[in-house]
Amino acid sequence: MLRLFIQSERTRIRVPLFVPLFGLVIGSTFAGESPIPTDPNQHLERTCFQTSQPWSDRGDLGSDVAIAYGIGPTLPERMQTWREHGYRVHVMTGVAWGNYQDYIEGHFDGVKHDDEIQTDQNGNRHGHGGNVYYMCPGTNYGKFLGAGIQKALEAGAEAIHLEEPEFWVQDGYEEGFKREWKNYYGEDWQPPHSSVDAQWRASKLKYFLYRRALQQVFDYVLDYNKRSGRHVRCYVPTHSLLNYAQWKIVSPESSLARLKGCAGYIAQVWTGTSRTPNFYRGVFRERTFETAFLEYGAMQNLVRSTGRTVWYLNDPVEDNPGHDWHDYQSNWESTLVASLFQPEVSKYEVAPWPERVFGGSYPRRGPRENRVPIPPSYATELQIVMRALNDMDQKQIEWDCGTAGIGVLVSDSLMFERGDPTPSDLHLGHVFGLAMPFLKRGMPVTPVQLENVGIDHYLDGFRLLLLSYHGMKPLDAAVHTALAKWVKRGGALLVCDDDGDPYNAVRDWWNTGAMKHSTPREHLFEQLGLKAQVSETNRVGKGVVLFMRENPAAFAASAEAESRLAKVAKREARLTWHEANYLLLRRGPYVIAAGLDESPASGSKELRGKFVNLFDPALRVQTEFTLGPGSRYLLLDLEKTQARDSSVLAAACKVIEGKRGSERLSYFIEGVGGTEAVILLRIPAGAKLSADLAGTTITNLDHNSSEHLAWIRFTNESKLRELSVHLK
């Protein structure tokens, strides 16, 4: 998980198809004519980063927002340093853990709360050392967090981020949890590991407790806004549902979007989560790209049709300091590309802890004890991509891939069946077994949040949904009504379930009161008008229900089973079936592409034209690319840019356009201090180019007159300097 170094390391404005956000005109800014300019689109909060440090040249990424982490005594001063350097400032603090000894020791409300520390069945307290523990949030815990963020509100925070509301599956044995159990269920606590029913009820309670705590904080901020006339927003940075289920953590996830005052999420997906191994065709290994693709998709489906916002996190390093720079770079490219395959999202957290990226030392490829700073080429590549991420809100979207419109239904209850005595499949085969056969065939399958299917238009665009109640259960009966309506309107629902999950017997809505179903699947089929004995293919209204009486984890265990699932979908789901061994998406002038290894699909995809690979620190023009297995690309299609002459196309620094003239252009630039910068500029035909930076002539300048392109290279500094480009 993302952790602090101080603990352990750790109104949209639409533009034409391509008007580079590096070069928006903001008025006359020649020296002596006006103050230093600012980016006129900064209010869109397109990109951000989080840091526990004050401003430094190693952490100055040039994003729209700096998120100051931690609500300790230095917070106001740290916030001010970022504000003085032109950033909008948010504040982030941990929800489940932090330096919250005042609460534990009773200094907040006069009552000691050490019995609210998450504890396992052996009496072990769950923490990070130094009296920093994961908490079981009692009734006053949310009030304590609200009082803590008061200093952030007073210091002018524009938004509050409440990070990682987490309750570990292995915990729930502390006295505070036992009290909450009695209050919530009206019965005595049961050890969670004693039965599947106790484990289910423990997880539902954990889910509720952090939702309650967060609502208390949201209410605190809403009340502050009412009193102050301000509009401070609240977001929840959180791992994906898939990762929390894999790592055996319970968190409120989708239910937060229904809470008053929750503006949205940061999707904390990065190498550390996505490299968690899984099975495909019986092979167990890391699949960072595919796992990240599904994780980002799950997070987007938390907010789709809800009006909430989501940022996608990318991490150029990761929390584990034992990998080498090559590992970090290749996995960052995989997760970055995976995030860009969700075109509904155009906001990004470009890094947590930028100081550890641009100021840290990690092994080079080879002996692990040989630790070196970030390679210069990677530092340049990162800044090129960080600048491009400001420009991803594109109107024109075009897929080139296998069959689209396929989803795998997932519920927050995936987190409820992960503990003893009978945990669900260790490697989440009941999810990956349904998703991977389609994703590996180039089909952009996405997790679909079961709790959201009743939202108007939420299922628009989906043609095939896959569902199993192995490893999860529907949290209420209403979702079945919505699914049945969708099928009857023409959808295809493929249900894979042998009804063998022991959690079918837990006490919940499908088998209590007037409900007498042995499994929730029976209730779903009742809503669909299907009898107890159903065939593999069943027509329901204008749609179809396919039923495979199998545990879906089997589809992850062998190539034969995986192929069988794909064949049933191809034969019976009434789809226009197309397989590919790649995914390709055009977002305006940007081409996002990934070649898939292990793909059953054959052939190769060739791209021809004039492209700039934004992963190339030299920003060279290339005319062809092959999407081979494992390839990852973020390309700028020069033939699609439609940019005017004298426009910045890409840059490894922040660029704000100043005054434009027929013979002279002015830009203000800055970047991470000491890193190598390059600017790719489109120039008029026949221009004779020269440039100077802060009054000093730039000698590292290349010019391709036939392509009307120029490359200007220099060393970044963390301060705005004027770049003058002369065209005569």
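Quick one: count up the residues across segment 56-81 that are over 19 Å from T380 (Cβ atoms) and in contact with a strand residue (DSSP E or B) (Cβ under 8 Å, 6 or more places away or on another chain).
Looking only at that region, the number is 11.
Grab the strands (runs of 3 or more DSSP E) fully contained in segment 375-450, keeping just those with 2 or more residues being under 23 Å from L493 (Cβ atoms).
406-410, 446-449
Can you tell me which condition G609 does not meet? The list is (1) in a strand (DSSP E or B); (2) small (G, A, S); (3) at pLDDT below 95, and all the others hold.
(3)
Considering only segment 460-512, how many residues are under 20 Å from V544 (Cα atoms) and hydroxyl-bearing (S, T, Y)?
Residues that pass the stated criteria total 3.
Show the residue pairs that are 6+ apart or on different chains and have beta-carbon atoms under 6 Å apart, the first residue being within segment 405-420 and within 19 Å of R507 (Cβ to Cβ), the second being assigned to a helix (DSSP H, G or I) and aromatic (F, W, Y).
Once the first residue is within 19 Å of R507 (Cβ to Cβ) and sits in segment 405-420, its partners that are assigned to a helix (DSSP H, G or I) and aromatic (F, W, Y) give M415/Y244; F416/W200; E417/Y503.
What residue, of G123, G106, G98, is touching a His at 6+ places or on another chain (Cβ under 9 Å) and either part of a loop (DSSP other than H, G, I, E, B) or closer than 28 Å to A66 by Cβ (or both)? Show your work before the answer.
Details: G123 fails: touching a His at 6+ places or on another chain (Cβ under 9 Å); G98 fails: touching a His at 6+ places or on another chain (Cβ under 9 Å).
Only one candidate qualifies: G106.
So, W353, is that one among the aromatic types (F, W, Y), modelled with pLDDT of 95 or more and surrounded by fewer than 17 Cβ atoms within 10 Å (Cβ to Cβ) or not?
On the way: among the aromatic types (F, W, Y): yes; modelled with pLDDT of 95 or more: yes; surrounded by fewer than 17 Cβ atoms within 10 Å (Cβ to Cβ): no.
No.
Only residues in segment 101-112 that are on the phi > 0 side of the Ramachandran plot count as the first member; pair them with residues that are not in a helix (DSSP H, G or I), Cβ under 8 angstrom, at least 6 apart or cross-chain, and list the lot.
G106/K112; G106/H113
I'd like to verify a number: residues in segment 229-250 that are small (G, A, S) and surrounded by fewer than 24 Cβ atoms within 10 Å (Cβ to Cβ), how many?
Matching residues across segment 229-250 total 1.
Suppose we keep only residues that are closer than 18 Å to A618 by Cα and hydroxyl-bearing (S, T, Y) within segment 694-708. Which one would you say is surrounded by the fewest Cβ atoms within 10 Å (Cβ to Cβ)?
Restricting to residues being closer than 18 Å to A618 by Cα and hydroxyl-bearing (S, T, Y), the top hit is T699.
What are the pairs with Cβ atoms under 6 angstrom where one residue, in segment 230-255, is farther than 23 Å from I67 by Cα and the other, located anywhere, is among the aromatic types (F, W, Y) and buried (at least 24 other Cβ atoms within 10 Å of the Cβ)? Sequence gap at least six, or different chains.
The qualifying pairs are V250/F167.
Kindly provide the set of residues from segment 386-404 that are in contact with an Asp or Glu (Cβ under 9 Å, 6 or more places away or on another chain) and under 18 Å from L680 (Cβ atoms), ordered by number.
If the condition is that a residue be in contact with an Asp or Glu (Cβ under 9 Å, 6 or more places away or on another chain) and under 18 Å from L680 (Cβ atoms), then N390 is the only one that fits.
Restricting attention to segment 28-55, and to residues there that are charged (D, E, K, R) and within 19 Å of F668 (Cα to Cα), which single residue is modelled with the highest pLDDT? Spell out the reasoning first.
To start, the set of residues in segment 28-55 that are charged (D, E, K, R) comprises 33, 39, 45-46.
When the remaining residues are screened for being within 19 Å of F668 (Cα to Cα), the result is 33, 39.
Working: E33: 40, D39: 88.
Restricting to residues being charged (D, E, K, R) and within 19 Å of F668 (Cα to Cα), the top hit is D39.
Would you mind stating whether G138 is part of a helix (DSSP H, G or I), buried (at least 17 other Cβ atoms within 10 Å of the Cβ) and small (G, A, S)? Give the steps one after another, and end with the answer.
Values: part of a helix (DSSP H, G or I): no; buried (at least 17 other Cβ atoms within 10 Å of the Cβ): yes; small (G, A, S): yes.
So G138 does not fit the description; no.
What tally of residues in segment 500-535 results from selecting those that are surrounded by 13 or more Cβ atoms within 10 Å (Cβ to Cβ) and either touching an Asp or Glu at 6+ places or on another chain (Cβ under 6 Å) or in a loop (DSSP other than H, G, I, E, B) (or both)? Walk me through it before giving the result.
Of the residues in segment 500-535, the ones surrounded by 13 or more Cβ atoms within 10 Å (Cβ to Cβ) are 501-506, 508-511, 515, 517, 519-530, 534.
Going one step further and asking which of them are either touching an Asp or Glu at 6+ places or on another chain (Cβ under 6 Å) or in a loop (DSSP other than H, G, I, E, B) (or both), we end up with 501, 503, 506, 508, 515, 517, 519, 521, 528-530, 534.
Residues that pass the stated criteria total 12.
Would you mind finding the one in E562, E598, E579 that is at positive phi, modelled with pLDDT of 95 or more and in contact with a Lys or Arg (Cβ under 7 Å, 6 or more places away or on another chain)? Full working, then the answer.
Values: E562 fails: at positive phi; E579 fails: at positive phi.
On inspection, the qualifying residue turns out to be E598.
So how many residues does segment 658-713 have that are in contact with a helix residue (DSSP H, G or I) (Cβ under 7 Å, 6 or more places away or on another chain) and acidic (D, E)?
Total meeting the criteria: 1.
What number goes with the only condition from (1) at pLDDT below 95; (2) in contact with a Phe, Trp or Tyr (Cβ under 7 Å, 6 or more places away or on another chain) that A685 does not pass?
Single failed check for A685: (2).
Go through (1) surrounded by fewer than 22 Cβ atoms within 10 Å (Cβ to Cβ); (2) touching a strand residue (DSSP E or B) at 6+ places or on another chain (Cβ under 9 Å); (3) at pLDDT 95 or above one by one and return the number of the condition H90 breaks.
(1)
Determine which single condition E707 fails, assuming it passes every other condition in (1) touching a Gly at 6+ places or on another chain (Cβ under 8 Å); (2) at pLDDT below 95; (3) acidic (D, E).
(1)
Any chance you could count how many residues in segment 460-486 are in contact with a strand residue (DSSP E or B) (Cβ under 8 Å, 6 or more places away or on another chain) and surrounded by fewer than 22 Cβ atoms within 10 Å (Cβ to Cβ)?
3
Checking K516 against (1) under 17 Å from L467 (Cβ atoms); (2) out of contact with any Lys or Arg (no Cβ under 6 Å at 6 or more places or on another chain); (3) not aromatic (F, W, Y), only one condition comes out false. Which one?
For K516, the exception is condition (1).
Take the residues in segment 114-135 that are touching a Gly at 6+ places or on another chain (Cβ under 6 Å) and closer than 11 Å to E174 by Cα; name whichever of them is surrounded by the most Cβ atoms within 10 Å (Cβ to Cβ). Let's see the steps before the verdict.
If we filter segment 114-135 for residues that are touching a Gly at 6+ places or on another chain (Cβ under 6 Å), which is where we start, we get 115-116, 133.
From the residues that got through so far, the ones that are closer than 11 Å to E174 by Cα too are 115-116.
Values: D115: 15, E116: 24.
Filtering first and then ranking leaves E116.
Give me a count of the residues in segment 432-489 that are within 27 Å of A338 (Cβ to Cβ) and acidic (D, E).
Count: 2.
Based on what the data block shows, is W82 outside any strand (DSSP E or B), buried (at least 20 other Cβ atoms within 10 Å of the Cβ), touching a His at 6+ places or on another chain (Cβ under 9 Å) and of a type in the set (F, W, Y)?
No; evaluated as a whole, the condition is false for this residue.
Taking the condition of being among the small types (G, A, S), within 29 Å of the chain's Cα centre (by Cα) and not in a loop (DSSP other than H, G, I, E, B), how many residues in segment 154-212 meet it?
3
The values are calculated or read from the model by the stated rules, or taken from the named source; none is laboratory data. The structure presented is a predicted model; accordingly, all values stated were derived computationally and were not measured. Cβ atoms come from the backbone with ideal geometry, glycine included; neighbour counts cover every protein chain shown.
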